[in-house]
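Just so it is clear, none of the values below were taken in a lab; they were calculated from the coordinates. Fair warning: this is a prediction, and the values are worked out from it, not measured in the lab. Please note: Cβ atoms are built from the backbone with ideal geometry, for glycine as well, and neighbour counts cover all protein chains shown.
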Amino acid sequence: MPFDPNASFGKSLFFGEILEDQIFPYPQMPRDQAELVQPICETIDKYMADIDRARLDRTGEMPAELLASLKEMGLFGVIVPEEHGGLGLSNTGYARVMQQIASWDGSIAVTLGAHSSIGFKGLLLFGTDEQKRRYLPRLATGEMIAAFCLTEPGSGSDAFSIKTSARREGDFYVLNGQKLWITNGGIADFYTVFAKTTPDTPQQKGRISAFIVPRDLGGVTHGPHEDKMGIRASNTTAVYFDSVRVPAANLLGEEGKGFKVAMSILNHGRTGLGAGAVGGQQRLLQLAVAHAAERKQFGRPLASFGKVKEKLGRMATNLYVSESLCYLVSATIDRGGVDYSVEGAATKVFNSEALWSATDEALQIAGGMGYMREQPYEQAMRDARINRIFEGTNEILRQYVGLTGLQKPGEYLKGLGKELSSALTAPIKSFGLLRDYAVRKAKQSVPMQALPYGREPQITRAHPVLQEQVVYLEDAVQSLAAVCETALRRHGRNIVEQQLQVSRIADIAIDLLALCAALSRTSGLIERKGLEKAKNEISMTYTFYSDARRRVRANLRASTGRNNDESIQHVADAAVAAGGYENDVLK
């Protein structure tokens with residue numbers, strides 16, 4: 001079967017299905033895009049090599065001349081269509097550019113990413129032709145810098161609790177409210193703003209709408225630049241809207257559909273963040289390898305010791321898998337895929353945590369020297385930490401991945417419950433239904449092996465040298481489906497409150513999705529390069545498979561009830577009640 005733009009590979013895993021044609025063969029960047037992206041990356045390297053990145057961090061400011069240079073290089077318009085003055089890169093091309101920028105500096109990457117990935121992404125996805133003609137040319141040149149305004153003082157992950165309002169008055173909306181921690185907030189001239197166009201009631205939350213709000217409408221101000229832990233040179237401020245008269249023509253999408261707009265922007269934009277995490281890991285691996293090769297102890301380079309090799313090997317492996325995930329998702333978007341939210345969220349979680357692990361391990365390899373501020377590790381650690389927080393905290397995204405994935409099994413069981421009750425009273429008439437259910441249960445319990453003794457394989461296009469990983473993956477996907485069904489039967493609608501269980505289900509799915517991406521990519525590389533030249537990729541795939549298998553086994557075991565959920569939550573409740581830790585050896 002060909003690639004299906006309406007199918008979701010990630011969601012299918014929760015139902016025990018592996019949609020092989022969605023990921024095999026692993027997508028390659030088209031030659032015309034590669035020819036555009038390569039010189040851009042070379043220009044970035046040449047320019048960034050002369051930037052005093054430590055000074056940017058110390059001063060916490062983005063100099064005007066630096067912004068001007070980024071504009072001259074065309075980096076504010078990489079995803080703006082050519083007809084509107086941009087470079088017109090694909091999502092994959094854009095991700096590769098963001099990867100290159102992030103390998104040099106987090107603040108610059110965040111500034112450009114906040115502009116393109118989320119700042120004006122809503123205009124690209126939902127804007128009218130007139131809106132695009134009016135704003136995209138100026139956004140492409142950087143004459144207008146964009147910002148995404150959703151978060152408020154009382155609203156972080158809970159978007160429906162925003163207080164900013166937009167009251168309709170004739171041909172205008174009167175916008176009032178405050179947004180918090182807005183990247184590019186103090187330098188932007190184009191804001192994508194989310195506000196409630198209907199008030200909250202005791203029965204339901206008000207409806208959210210999205211608006212294009214240029215600064216020159218008047219009534220738009222911003223607070224001082226926030227003094228942040230990391231990415232310090234990126235501009236982060238509060239933004240205030242005081243009776244801003246926004247033309248009705250600046251409504252983005254439909255009135256009342258702003259939440260959908262916001263989620264679409266974030267889902268679409270997470271490839272930029274994921275690619276940035278890839279670039280960060282690349283830089284950290286280079287630093288760690290260089291130090292381990294040069295630094296000698298006991299008369300030998302650090303790189304010759306087993307425990308250091310273990311760290312370097314895992315850093316490289318996680319980087320390979322992060323990259324595989326990122327470009328699988330970006331290619332899905334480029335191929336016209338419309339349902340990639342689970343894959344995008346999973347990539348953000350995996351890649352941001354892989355970056356954090358790489359930061360920690362690179363610092364550890366550097367030892368005491370790495371702890372000194374003059375070395376790059378301290379800033380790298382501060383810069384990397386935000387990736388697990390913004391564009392959806394990893395905790396929230398795990399809930400999203402888990403609960404979204406559970407929807408299809410839940411709908412199946414809900415419908416099955418009604419139909420089975422009548423089917424069992426008339427089994428002959430309902431033989432097809434009963435057979436389908438029996439087949440699904442059999443798949444969850446019978447190991448994958450050659451017919452006629454096991455299930456029919458769902459993955460047929462992986463290279464034979466990866467058969468061990470394929471067999472495991474097929475079995476693990478059925479185990480995931482079984483765990484999902486058990487959880488839904490046990491908790492029903494209350495599954496939304498079982499956050500620890502949902503997180504475990506999400507972690508299983510994320511590991512399996514990442515393994516799928518690695519298997520597909522490595523199979524493609526073997527076909528192009530041959531087994532001998534793909535030995536390293538095969539080793540990285542096996543290493544990740546071994547690590548993921550251990551995590552998945554632990555999560556499957558805990559999902560059956562053999563966990564400490566009840567006791568750890570009791571300990572948390574006790575700490576909250578005591579206002580902290582109540583034990584003390586003096587008492």
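When the pairs K179/K348; K11/K260; K11/K196; K311/K533 are compared against a 28 Å limit on Cα-Cα distance, K11/K196 fall above it.
Packing, as the average of other Cβ atoms within 10 Å across residues, places the peptides 384-393, 494-503, 116-125 in the order 116-125, 384-393, 494-503, highest first. Of the peptides 539-550, 476-487, the ranking by mean beta-carbon count within 10 Å, highest at the top, reads 476-487, 539-550. Among V308, V401, sorting on how many other beta-carbon atoms sit within 10 Å of each Cβ, with the fewest leading, yields V308, V401. The Cα atoms of segment 30-149 give a gyration tensor whose axes a ≥ b ≥ c have a/c of 1.5 or more with a/b no greater than b/c, which makes the shape oblate. Under the rule a/c < 1.5 gives rounded, and otherwise a/b versus b/c splits prolate from oblate, where does segment 146-256 land using the Cα gyration tensor? Cα axes put segment 146-256 in the oblate bin. The fewest-to-most ranking of K296, K260 by surrounding Cβ atoms within 10 Å reads K296, K260. Ordered by the count of other Cβ atoms within 10 Å of each Cβ, fewest first, D105, D227, D4 give D227, D4, D105.
How far, in nm, would the chain grow between R493 and R295 when pulled straight, counting 0.36 nm per residue and subtracting the alpha carbon separation? Don't jump to the answer; show the numbers that get you there.
On the way: separation 198, 0.36 × 198 = 71.28 nm, distance 5.66 nm.
That pair, R493 and R295, stretches by 65.6 nm at full extension.
Here the simple spin-label model places points 7 Å from the Cα toward Cβ, and for E310 and R549 these points are separated by 1.8 nm. Label reach from I396 (point 7 Å along Cα→C-beta): in segment 262-277, amide nitrogens under 18 Å belong to 262-274.
Rounded to the nearest 0.05, the FRET efficiency derived from the C-beta distance between N176 and T201 at R0 = 25 Å is 0.85. At full extension, E82 and A575 could sit 171.8 nm farther apart than now, given 0.36 nm per residue minus the alpha carbon distance. Between D565 and S69, the distance separating the two model label sites (each 7 Å from Cα on the Cα→Cβ line) works out to 5.3 nm.
Counting only the Cα atoms, the chain fills a convex hull of 212 Å³ per residue.
Extension gain, T43 to R557: 0.36 nm times the residue separation minus the Cα-Cα distance gives 180.0 nm.
Under the simplified labelling scheme, the Y371-E143 pair shows an inter-label distance of 5.4 nm, with each label point 7 Å from Cα along Cα→Cβ.
Placing unit charges on each Cβ (+1 for Lys and Arg, -1 for Asp and Glu) gives the chain a dipole about its Cα centre, and among M540, M381, F259 the Cα reaching farthest toward its positive end belongs to M540. Quick check: from the Cα gyration tensor, does segment 219-288 come out rounded (a/c under 1.5), prolate or oblate? In terms of gyration-tensor shape, oblate. In segment 260-395, the inverse of the mean reciprocal separation of distinct Cα atoms equals 15.8 Å; this is its Kirkwood hydrodynamic radius. In segment 30-82, the inverse of the mean reciprocal separation of distinct Cα atoms equals 12.7 Å; this is its Kirkwood hydrodynamic radius. Placing +1 on the Cβ of every Lys and Arg and -1 on the Cβ of every Asp and Glu, with nothing else charged, gives the chain a dipole about its Cα centre of roughly 1300 debye.
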